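The values are calculated or read from the model by the stated rules, or taken from the named source; none is laboratory data. Remember, it's a predicted structure, so these values are computed and weren't measured experimentally. Heads up, the Cβs are rebuilt from the backbone with ideal geometry, glycines too, and the neighbour counts pull from every protein chain shown. Keep in mind that these areas ignore ligands, DNA and RNA; they rest on the heavy atoms of the full protein, side chains included. Shrake-Rupley method; radii C 1.70, N 1.55, O 1.52, S 1.80 Å.
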Amino acid sequence: MDRADEREARRGRIREAVVANGFVRAADLADEFAVSLMTIHRDLDFLQSQGWLRKVRGGATGLPSAQFHGSVAERMSTMAQTKQQLARAAARELVPGQTVLLDDSTTCLHLTRLLTERTPLTVITNSLPAITALAKEPGVSLIALGGSYFPAYDAFMGLHTADSVEAFRADVLFMSTTAVTRGRCYHTSPETVQVKRAMMAAATRRVLLADHTKFTRDGLYALAPLADFDLLVVDDGLAQDEVREIRRGGTDVRVVPRG
């Protein structure tokens with residue numbers, strides 16, 4: 001195994017350790033792999049740039065925070081039944097013949113599985129799992145948004161993806177968010193914000209799917225105020241006074257039971 005293969009294998013094992021343990025110490029990793037602490041820090045810098053983890057003092061963490069959204073596996077397993085409920089409610093907004101924009105969120109990935117019930121549809125997305133799921137569906141005309149691939153998001157992100165969105169116009173956008181704080185949506189990476197803003201600009205109707213836990217989190221990069229969405233689909237874990245406040249801001253709210 002040459003040096004590049006060794007580096008790739010080591011980084012893969014570091015990713016696995018972060019997912020399994022939530023936190024890893026840089027010094028322990030250096031001892032385990034018999035490499036310098038500087039080498040481990042370079043590994044962590046690379047993995048952080050790819051969205052796999054977040055460096056913290058003394059090591060790295062895979063736990064969600066204002067600067068890190070968590071791994072795809074962690075997000076898929078979190079509030080899974082509630083996300084399914086949100087997806088079912090959102091699917092009722094679809095009309096056959098529409099052009100639909102889907103973001104890379106795991107909540108919208110649940111919605112992907114319901115699209116075949118509303119065909120024919122044209123679907124535009126940057127989510128690789130959604131692209132894979134819809135590629136062979138006869139009732140779906142699929143448009144895949146390219147750009148830089150971010151493995152930790154399992155999606156295409158960044159400037160080129162945002163530019164690709166501008167070539168289209170959609171009837172409806174379905175999107176989720178990392179956090180909602182003081183009436184504004186936030187995300188953990190500028191590349192995500194860049195693409196989602198382009199999607200919002202390209203859609204006639206904007207639907208936000210967010211379970212109630214999103215309203216207890218913080219995010220680093222501001223995306224848009226809730227008032228920029230036509231409809232919020234949320235579960236009944238969100239306090240009623242907050243629901244009323246959102247409605248007063250001009251956004252319709254559909255509340256569904258938690259799974």
### Message
Could you work out the relative contact order of the range 133-206? I mean the mean sequence separation of Cα pairs under 8 Å and 6+ apart, divided by the number of residues, in percent.
### Response
30
### Task
Would you mind counting up the charge near ASN126? Only other residues with Cβ under 9 Å from its Cβ, with Lys and Arg at +1 and Asp and Glu at -1.
-2
### Message
For the range 191-259, what does the relative contact order come out to in percent, with C-alpha contacts under 8 Å and a separation of six or more?
### Response
32
### Gain in span if fully extended, PHE46 to ILE143, counting 0.36 nm per residue against the direct Cα distance
31.9 nm
### Task
Restricting to the chain, compute how many DSSP beta bridges are antiparallel as a %, nearest 5.
40
### Message
Using a Cα-Cα cut-off of under 23 Å, which lysines could be cross-linked to LYS83, ignoring same-chain neighbours fewer than 8 residues away?
### Response
LYS196, LYS214
### Query
Of [x] 12.9; [y] 12.0; [z] 14.5, which one was derived for mean projected area of the Cα convex hull in nm² from the structure shown?
[z]
### Query
Largest first, what is the accessible-area ranking of HIS160, HIS41, HIS187 with a 1.4 Å probe?
HIS160, HIS41, HIS187
### Summary
Per-residue accessible area, 1.4 Å probe, largest first, puts ARG217, ARG11 in the order ARG217, ARG11
### Message
At 0.36 nm per residue, and after removing the present C-alpha to C-alpha distance, how many nm does the segment from LYS55 to THR181 gain when stretched out fully?
### Response
43.0 nm
### Average Cα contact separation per residue, the chain, under 8 Å, 6 or more apart, as relative contact order %
16
### Message
Can you give the local net charge around THR204? Use residues other than it whose beta-carbon is closer than 14 angstrom to its beta-carbon, Lys and Arg +1, Asp and Glu -1.
### Response
-1
### Task
For every helix of n ≥ 4 consecutive DSSP H residues, a contribution of -39,500 (n - 2.57) applies; sum these over the chain, divide by its total residues, and give [θ] at 222 nm rounded to the nearest 500 deg cm²/dmol.
-11500 deg cm²/dmol
### Query
Nearest 10 degrees, 0 to 90: what angle lies between the long axis of helix 80-91 and the longest principal axis of the chain (Cα atoms)?
40
### 14 Å beta-carbon shell around ALA4, net charge (K/R +1, D/E -1)
0
### Query
How far is helix 190-202 tilted off the main Cα axis of the chain, in degrees rounded to 10, range 0 to 90?
20
